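The values are calculated or read from the model by the stated rules, or taken from the named source; none is laboratory data. Everything quoted here is computed from the prediction, not taken from an experiment. Here Cβ is always computed from backbone atoms with ideal geometry, including for glycine, and neighbour counts include all displayed protein chains.
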C-alpha cells in the first residue's frame, strides 16, 4: 500500500492527476486502516491547485479546502478511537500544515500562524507516539523556519515564545530528507522555493531542483523551478538550453499538450535575461497565443510584454498592459508587480531584473 501511495504521489509530480486518482480509487477500500489514503487525495488536490498557481483563486481552491476538511474529520475520528501508530496525528498535522501554507498565499497571516501552531503540535504528538515517523519533522521544520523569520515584534504579538534561528528549522527538515518516506520529494521542492524566495540563494535551490529532476526529468513543475533558479543566477545560455529541452519534451509527448505557454515563456525568458528585447517579445507573444488566460505562464508573458514596452520607451502602452495584467489572476505576485510598475517603470538598470520572483 505504501508503494501504491508513493506511485500516486509520483503521478502528481508529473501532473498526471488521472493516474493518481486511479491509484487512490483502488486504495479507497483500505482508507479506514491507512490514514494516508485520504491524505493522498488531499495531496492530489494540492498539486492541482499549486502547480497551476491558483491558490489565490477561491473557486479553484474549493476542492482542496473541502478535501482538507474531510482529512481533518477522518484523522480526528481515528485519534478519538486511539492512534497507536501516530499516523492519524501525522495526517492531521500535515493537513493543517497545507492549510497554513494556503493561508500564507492568501495573506491571512494570523490564521496561518495559529493553524501552523496546531499543525506543529499534532506532528510533535505523532513523533511522541512513534519516533520513526520521520516525515513529521518536515512540517515542524518548515513551521520553525518561517516563525523564526518573523520580525521580533510580530513574534511577541503572536505569543510564539520562539527564539530559534531559521537554521534550526532547516536542520529539522534535514532529518525528514534523510529518513522520511512520504515527504522526500515534496520537502525538496519546498526547500527549493525557500532558497529561491526567502534565502535568495538560487545556487542552493538549484542543488535541490537537480536532485528532483534526476529522479523526475519530465516533471513540468520541477522544470519550471529550474527555469526560475537559472534566471536568478543570470545564466541565459543555460536558460536557452532548458527551453530547448522543454520544447523536445513537449514535442515527444512527455509534457502535457497544454504546457506550450511554459515552453515559449522559458525561451522568451532566456532572451529577456540576455536583454534581447525583440526576440523576447516574439516568444512572449507566442506564449500568450498558445496558452489561455488561466495559464500562469500566459500571465507572466503578459507582464514581461509590459516590461519590454517600458524598456523600449512606450510608457503609455506599458501602463495599459499592466492594467490588463492586474485584471488577470495573480500568479507569483504578478498583480503586485503590475501595481509597482504602474508607479515605477520597469528598467533593466534599476535592479528590477535581479530576481524573477522579487516578492
Give the residues of the range 119-141 that are more than 19 Å from residue 82 (Cα to Cα) and either outside any helix (DSSP H, G or I) or touching a strand residue (DSSP E or B) at 6+ places or on another chain (Cβ under 7 Å) (or both), sorted by residue number. 134, 135
Residue 315 fails exactly one of (1) touching a residue at least 40 places away in the same chain (Cβ under 8 Å); (2) at negative phi, namely (1)
Residue match in the range 335-342 (condition: crowded, with 16+ Cβ neighbours inside 10 Å, assigned to a loop (DSSP other than H, G, I, E, B) and either assigned by TED's automatic domain parsing to the domain that holds residue 49 or over 18 Å from the mean Cα position of the chain (by Cα) (or both)): no
Only one of (1) without any contact (Cβ under 8 Å) to a residue 12 or more places away in the chain; (2) assigned to a helix (DSSP H, G or I); (3) over 28 Å from residue 199 (Cα atoms) fails for residue 253. Which number is that? (2)
Residue 234 passes all but one of the listed conditions (1) more than 24 Å from residue 5 (Cα to Cα); (2) part of a helix (DSSP H, G or I); the exception is number (2)
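Could you please let me know if residue 268 is assigned to a loop (DSSP other than H, G, I, E, B) and out of contact with any strand residue (DSSP E or B) (no Cβ under 9 Å at 6 or more places or on another chain)?
On the way: assigned to a loop (DSSP other than H, G, I, E, B): no; out of contact with any strand residue (DSSP E or B) (no Cβ under 9 Å at 6 or more places or on another chain): yes.
For residue 268, the condition - assigned to a loop (DSSP other than H, G, I, E, B) and out of contact with any strand residue (DSSP E or B) (no Cβ under 9 Å at 6 or more places or on another chain) - is not met.
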